[in-house]
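The values are calculated or read from the model by the stated rules, or taken from the named source; none is laboratory data. Please read all numbers here as calculations on a predicted model, not as lab measurements. Methodologically, a virtual Cβ is constructed for each residue, glycine included, from the backbone with ideal geometry; neighbour enumeration extends over all protein chains shown. Ligands, DNA and RNA are excluded from the accessible area calculation, which covers all protein heavy atoms including side chains. Shrake-Rupley method; radii C 1.70, N 1.55, O 1.52, S 1.80 Å.
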Amino acid sequence: LHRGTQLLESYRGLLFSLKPIITRIDGWCVGGGMFMNMCADISIAAESAKLSHREQRLVFSGVSFFNALEFLELGPRKARELMLTGESIPGTEAEEIGLVNRAVPEADLDDEVERYCEAIKLLPLDGIVIGEMMTNVAYETLGIGQSLRNGIVGHTLATNLRWEDDEYNFVGTREKEDTSAAIEQLHERFADLGFN
């Protein structure tokens, strides 16, 4: 519970910030990276970036601090698909489903992020703060703040689950071998089903 609360507060600080946050995604965006992306006002990804909830394969199986926000942005069906399969999607698909605002060629990524920064800098400072505050009020009205608090319970339960004898035990495998081997074995199980 303590660790979950610490995680919650860091994400909550980003989500409810009074400063605009832009994420720049180049390469892999997994687990906490996905959560930070959900906290951003604007998200720009390289077309080749890989966004994934692969961390869900470890133990969580659909538990997220951001279930409600992901349902709101992606729809429950797509959000659950990404969480239950841990499938990786490229930046181009992330743009199509609304997980990022823009996907651009990797060579253009810095320029595109800078373009958005320059546009925001043209706004009055008080207007930016008011806009962020009203976004925060909307999030609270929609129950996003409470959903984050509920995530503490789900995170705590998921990190203390019991594996049956016929289930893949990531934690046990990691203790017997090492983390790299455990992760490789975990993802191989999904690759056989066509989920990259």
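Taking the residues in segment 168-182 that are among the β-branched types (V, I, T) and in contact (Cβ under 8 Å) with a residue 12 or more places away in the chain as candidates, determine which candidate is least open to solvent (accessible area, probe 1.4 Å). Taking the candidates together, the pick is T173. Note on segment 145-167: among residues that are modelled with pLDDT of 80 or more and exposed (fewer than 13 other Cβ atoms within 10 Å of the Cβ), the one that is farthest from V59 (Cα to Cα) is Q146. For segment 47-62, what are the residues that are small (G, A, S), within 19 Å of R77 (Cα to Cα), open to solvent by less than 50 Å² (accessible area, probe 1.4 Å) and over 8 Å from the mean Cα position of the chain (by Cα)? Selection gives G62 alone. Within segment 1-46, restricting attention to residues that are farther than 20 Å from I144 by Cβ and charged (D, E, K, R), which residue is farthest from the chain's Cα centre (by Cα)? This residue is R3. Remark: pairs (first residue in segment 93-115, closer than 18 Å to K50 by Cβ; second residue surrounded by fewer than 18 Cβ atoms within 10 Å (Cβ to Cβ) and among the small types (G, A, S); Cβ separation under 8 Å; 6+ apart in sequence or on different chains) = E106/S48.
Does segment 84-104 hold any residues that are more than 13 Å from R24 (Cβ to Cβ) and open to solvent by 60 Å² or more (accessible area, probe 1.4 Å), and which are they? Those that are more than 13 Å from R24 (Cβ to Cβ) and open to solvent by 60 Å² or more (accessible area, probe 1.4 Å): L84, E95, E96. A single entry from R12, R24 fulfils the requirement of being touching a Ser or Thr at 6+ places or on another chain (Cβ under 9 Å) and open to solvent by 50 Å² or more (accessible area, probe 1.4 Å): R24.
Among the criteria (1) at pLDDT below 85; (2) loosely packed, with under 14 Cβ neighbours inside 10 Å, the one F195 does not fulfil is (2).
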